[in-house]
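Readers should treat all values here as calculations from the given coordinates under stated rules, not as data from a laboratory. Treat the numbers as computed from the prediction; the structure is a model and nothing was measured. Here the Cβ positions follow ideal geometry from the backbone for every residue, glycine too, while neighbour counts run over all protein chains shown.
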């Protein structure tokens, strides 16, 4: 498949997603009572107006219609077998997507149910596409993964965790969307390096569809991704990672982790901070994520309030975070070919995250005894 065809595939997905996004926004007076995010006072809420939070429909629709349109415009460029596998992957994503979408409509689907639905999607993908990780370059764990049932369950846990991590970072206009595009581009680049055009096609589709949604989401926040969209995109990118590892055993699992590290570090640190520092449930919502601190510490300090554009500060958060994520992904793709190198890149990202978190909370670089506890407790005071 020529390189320009990947661009054309992404453009068709972009066009389809953008069209659906426009339809959602322009028709909201009929469905807004069900689809608007009316809760503007929640601890994680920073937007000022109720808008539709079903952007996931545009993303999944963009991938589906974009692929169909591309096949019509360029017959034979995507083989029937490859197209069938893409449709199967879309089908396996439905439990994760629908659980999130129902939550967007009802606000009554627990995190546990959404995680279970995403794990179910991963289980179906394992059976339908052979997307089951059997090696992670971790001594001891790799031995257990030679047992197929354990490998399938472990893959489901990894995919569900990755999907939830994307939902965690979905807090500001363009943040999760830009992170998805960067990570998908990194995974697609690795796919091209290994000659895996199937994973590259998956990347082109999700990049295009996400860009189409972002045209309405960023910067003004006319449309939100919602839990359905966040879980779907997290599932799609997680499956790209799994397929790379399954189809190319020579790849280091740590390189794939390094490419997807940002949302994973965010969710793992949040679990640690809530459970062991604040002594609350790991699933309890709060405003102490890194993106929340960037908003309050950096954006409020350096970006003046604009009454004519109330979304301006919200939209500045990705401008601080996305470039750092892009640099980390670029380094991971170009230098993370060996396990020692990719391990070092993952470790460097963890150190960078914790150091920046401490800096944002205390206004200075922190180190030493009890610094982590101080970080979390000081943050709770600062953001309220």
Legend entry - Mean separation of Cα contacts under 8 Å (6+ apart) over length of region 3-382, as relative contact order %: 21
Inset, instruction - Just grab the label-to-label distance for residue 81 and residue 215, each label 7 Å out from Cα along the Cβ direction, in nm (one decimal). - result: 3.5
Inset, instruction - Could you calculate the FRET efficiency of residue 127 with residue 344 from 1/(1 + (r/R0)^6), where r is the beta carbon distance between them and R0 is 56 Å, rounded to 0.05? - result: 0.95
Legend entry - Residues residue 327 and residue 192, FRET efficiency given R0 of 30 Å [Cβ-Cβ distance, rounded to 0.05]: 0.90
Inset, instruction - Can you tell me the FRET efficiency between residue 50 and residue 146 if r is taken as the Cβ-Cβ distance and R0 is 35 Å, rounded to the nearest 0.05? - result: 0.10
Inset, instruction - For residue 68 and residue 351, calculate 0.36 nm times their separation in residues minus their Cα-Cα distance, and state this gained length in nm to one decimal. - result: 97.5 nm
Legend entry - Protection-proxy order for peptides 215-224, 155-164, 345-354, 110-119, each taking the mean of Cβ atoms within 10 Å per residue, highest first: 155-164, 215-224, 110-119, 345-354
Legend entry - Label-point separation in nm, residue 247 to residue 88, each point 7 Å along Cα→Cβ: 1.2
Legend entry - Separation in nanometres of the label points that stand 7 Å from Cα toward Cβ, at residue 271 and residue 19: 4.2
Legend entry - Net length gained if the chain between residue 7 and residue 307 were fully extended (0.36 nm per residue, minus Cα distance): 104.2 nm
Legend entry - Helical mean residue ellipticity (222 nm; -39500 (n - 2.57) per DSSP H run of 4+; nearest 500) of the chain: -23000 deg cm²/dmol
Inset, instruction - May I ask you to compute the full-extension gain from residue 337 to residue 116, defined as 0.36 nm times their residue separation minus their alpha-carbon distance, rounded to one decimal in nm? - result: 76.3 nm
